[in-house]
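Single-structure report; data block below.
The values are calculated or read from the model by the stated rules, or taken from the named source; none is laboratory data. Computed from a predicted structure; not experimentally measured. Glycine gets a Cβ as well: all are built from the backbone with ideal geometry, and neighbour counts include every protein chain shown.
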Amino acid sequence: MDFLKLLDRFAERGTRQVASKTGRRSFLTGVGKILVASAFTLPVLPFDRTTSALAADDSRKKKAEPTDTDCDYWRYCSVDGFLCTCCGGTKTSCPPGTTPSAVSWVGTCRNPADGRDYLVSYNDCCGKTTCGRCECNTNIRERPGYRLGVHNDINWCMANQSSLYHCTVSVIVGLEEGQS
């Protein structure tokens, strides 16, 4: 018990001496210096990154090649709308009861399998209410609205008898100029 009293007195005396010689500002300055120094030294310390690297490898393995119902599919690089592949059609044909828009917009998409750039015509399918499934809005290489042939935010069904928009197909028109 005497040892604890002695330790308590020693700690109290030391604390009072420090408090009488320093102020709150100098104490805060010292704490700030320690925090700044630790911010520069802690990132230098070694740490194990193998778990995050393994998790990244596992996520890459799990991610399958995009299909024609995924917005990441290469030919949908400039699509803005609902994919007809999810609405009863295919990537190149409109669902039954709809007709392709008389006008369309064109995008240039790179096929990662062969490394070539393809011209893709995006046609809205018109005549039914909006499908509402598999919405994509990728907009790669989209141009401002004053260049209507490459702008995808327009209701392209306005040129048809029925201006109701249902979904969008993507038809490969050909290779980009200069590629064979």
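Of all the residues in region 156-180, those that are within 17 Å of residue 106 (Cβ to Cβ) and polar (S, T, N, Q) number 3.
Exactly one residue out of 14, 30 is assigned to a helix (DSSP H, G or I), in contact with a Ser or Thr (Cβ under 9 Å, 6 or more places away or on another chain) and modelled with pLDDT of 80 or more, and it is 30. Of all residues in region 67-92, those that are under 16 Å from the mean Cα position of the chain (by Cα), closer than 12 Å to residue 109 by Cβ and not aromatic (Phe, Trp, Tyr) total 4. The condition of being part of a helix (DSSP H, G or I) and modelled with pLDDT of 90 or more holds for only one of 90, 85, that being 85. Contact annotation: residue pairs with Cβ atoms under 9 Å, 6 or more positions apart or on different chains, pairing a residue in region 157-180 that is more than 30 Å from residue 128 (Cβ to Cβ) with a partner that is surrounded by fewer than 23 Cβ atoms within 10 Å (Cβ to Cβ) and of a type in the set (Ser, Thr, Tyr), are 175/118; 176/108; 176/118; 179/118.
When residue 168 is evaluated against the numbered criteria (1) modelled with pLDDT of 90 or more; (2) surrounded by fewer than 16 Cβ atoms within 10 Å (Cβ to Cβ), which criterion, by number, is the only one it fails? With (1) modelled with pLDDT of 90 or more; (2) surrounded by fewer than 16 Cβ atoms within 10 Å (Cβ to Cβ) applied to residue 168, the lone miss is (2).
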